[in-house]
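The values are calculated or read from the model by the stated rules, or taken from the named source; none is laboratory data. It should be emphasised that the depicted structure is a prediction, and the values quoted were computed from it without experimental measurement. Don't worry about glycine lacking a Cβ; one is built from the backbone with ideal geometry, like all the others, and counts go over all protein chains shown. Note: accessible area is taken over every heavy atom of the protein model, side chains too, but ligands, DNA and RNA are not part of it. Shrake-Rupley method; radii C 1.70, N 1.55, O 1.52, S 1.80 Å.
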Amino acid sequence: MSFASEYLSSRVLYPPFISSDPDKDTGIIVIIPAFDEPGICRVLDSLLLCTRPACGVEVIVHLNAASGASDEELRRTLDSEKLISEWNGNNNPFFSLFCINTLNNKSRDRGAGMARKVVMDEALYRFNTTGNAGGVILSLDADCSVSENYLVSVYSELLLHRERKACSLAFEHPVSGSEFDSEVYSAITAYELHLRYYYQALKYSGFPHVFHTVGSAFAVKALPYAAAGGMNRKQAGEDFYFIQKLIPMGGYFYLDSATVYPSPRISGRVPFGTGPLIRSMLEQGDTTMYTYNPLAFSALGELFKSIPAIYDGESAALREAEKHFKAPLVKFLEDEDWHKRMLEIRSNTSSRESFIKRFNNWFNMFKVVKFLNRVHSDGSYKKEPVELAAKKLLKTIGEPDCDYDMPGLLNKYRSLEH
């Protein structure tokens, strides 16, 4: 019955926090790390408004603290436990609500990764108890709200499909309103446009595994979670690194029928990411967001387009392909010893399909990011304001030439993903 015993005996940081067994019909466990979240009940209110799926649901809030948290931050975080308990008593939710607490953890690597790992591991304990290897661990953040169909979409599009293992969910930051200053909305508009431009630019290049990697908007089944080694303990960017382990396993997809709405608030909880970036933009008094040059993605496109012919022609095809590559790409590939790697891949594959798959596992998202950072730091390409880069890309992919403002551009790019 136990499918994750090996992982749970060696890879977790704590024994189970929750003593009661889950209901046998529990199919979705929503995990919410929370640090200094006096408004924690807002995400619970949003989940309460969701349509109830045809399976049991649990919500586990993990109260945690970042390294260096102040006494006041710790006090406010601890106060959340009382708020959650009161909310649970007043609302009688259709889901089982739990709160776990690691505020006494003095580990030096406390941060976003550890916070998410602890509560995802707790969810795994619970699915392991019922033997539900296909149960869904649904990652959310405490400053989010969700669409009404959030849970039923995850149930129908992930839980019910045996071949599907994990997914990224659609997300949209609020870009207008009265809760934040107009500068905050301008900054988050630019930042989200950067994320969506990057997504479309990668698709245009021919990169095969294009997914958003937002910690508050992904889900994974219990067995693949354990098989991937669980969540990491990185201070930030834990979502990106974890999802890159899931994608090569297969069964990863984009769930766009439900939407997560992350907050655009300023935050210093992590060393990089949305909150720190928005803070930096506002402190500098400039909401211009610079992004990768479209020409860098065109250079990558020449590489990805050449791979099938390289399988057919081996060494001669490598040299022929390089004639069409831009100089920055050739230099990068030389530094990566790509001739040797390609010949190794070729000698260990018996079909074009397996050759392409092995190449994609080698030239993965980590290598893409390495290339993009290299060619923009060495002066080969110059970063551009995201508004300019996004307009150029629209023309390149054949979209109608319209004079969009920033909000219009963001809406256009959002529409390209649906």
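Points worth noting:
- Tally of residues being surrounded by fewer than 24 Cβ atoms within 10 Å (Cβ to Cβ) and of a type in the set (Phe, Trp, Tyr) across segment 119-135: 1
Residue-wise test of (1) within 19 Å of residue 56 (Cα to Cα); (2) touching a Gly at 6+ places or on another chain (Cβ under 9 Å).
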position: 143; (1), (2): no, yes
position: 174; (1), (2): no, no
position: 186; (1), (2): no, no
position: 189; (1), (2): no, no
position: 194; (1), (2): no, no
position: 206; (1), (2): no, yes
position: 223; (1), (2): yes, yes
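- Candidate set: segment 53-96, residues that are more than 23 Å from residue 233 (Cα to Cα) and assigned to a loop (DSSP other than H, G, I, E, B); chosen: the one most open to solvent (accessible area, probe 1.4 Å): 92
- If you check 311, 252, 290, 261 for being under 22 Å from residue 368 (Cα atoms), at pLDDT 95 or above and open to solvent by 20 Å² or more (accessible area, probe 1.4 Å), only one passes: 252.
- Boolean, residue 156 is among the hydroxyl-bearing types (Ser, Thr, Tyr), over 15 Å from the mean Cα position of the chain (by Cα), open to solvent by 20 Å² or more (accessible area, probe 1.4 Å) and modelled with pLDDT under 95: no
- Residues of segment 104-118 that are open to solvent by 20 Å² or more (accessible area, probe 1.4 Å) and either touching a helix residue (DSSP H, G or I) at 6+ places or on another chain (Cβ under 9 Å) or not charged (D, E, K, R) (or both): 104, 105, 107, 112.
- Selected residue (only one of 391, 383 is buried (at least 16 other Cβ atoms within 10 Å of the Cβ) and either farther than 23 Å from residue 189 by Cα or within 29 Å of the chain's Cα centre (by Cα) (or both)): 391
- Note on segment 205-224: among residues that are touching a helix residue (DSSP H, G or I) at 6+ places or on another chain (Cβ under 6 Å) and hydroxyl-bearing (Ser, Thr, Tyr), the one that is farthest from residue 168 (Cα to Cα) is 205.
- Residue list for segment 221-245, filter: surrounded by fewer than 21 Cβ atoms within 10 Å (Cβ to Cβ) and part of a helix (DSSP H, G or I): 223, 224, 227, 240, 241, 244, 245
- Among the conditions (1) modelled with pLDDT under 95; (2) assigned to a helix (DSSP H, G or I); (3) among the hydrophobic types (A, V, I, L, M, F, W, C), residue 402 misses just one, which is (2).
Condition check ((1) open to solvent by 20 Å² or more (accessible area, probe 1.4 Å); (2) over 19 Å from residue 132 (Cβ atoms); (3) among the aromatic types (Phe, Trp, Tyr); (4) under 25 Å from the mean Cα position of the chain (by Cα)) across all residues:
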position: 2; (1), (2), (3), (4): yes, no, no, no
position: 6; (1), (2), (3), (4): yes, no, no, no
position: 10; (1), (2), (3), (4): yes, yes, no, no
position: 15; (1), (2), (3), (4): yes, yes, no, no
position: 18; (1), (2), (3), (4): yes, no, no, no
position: 21; (1), (2), (3), (4): yes, no, no, no
position: 24; (1), (2), (3), (4): yes, no, no, no
position: 28; (1), (2), (3), (4): no, no, no, yes
position: 32; (1), (2), (3), (4): no, yes, no, yes
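- No other residue among 169, 138, 151 is touching a Cys at 6+ places or on another chain (Cβ under 6 Å) and crowded, with 22+ Cβ neighbours inside 10 Å apart from 151.
- Odd one out for residue 358, checked against (1) within 24 Å of residue 193 (Cβ to Cβ); (2) among the basic types (Lys, Arg); (3) surrounded by 12 or more Cβ atoms within 10 Å (Cβ to Cβ): (1)
- On the stretch given as segment 372-404, residues that are without any contact (Cβ under 8 Å) to a residue 12 or more places away in the chain and among the aliphatic types (A, V, I, L, M) total 1.
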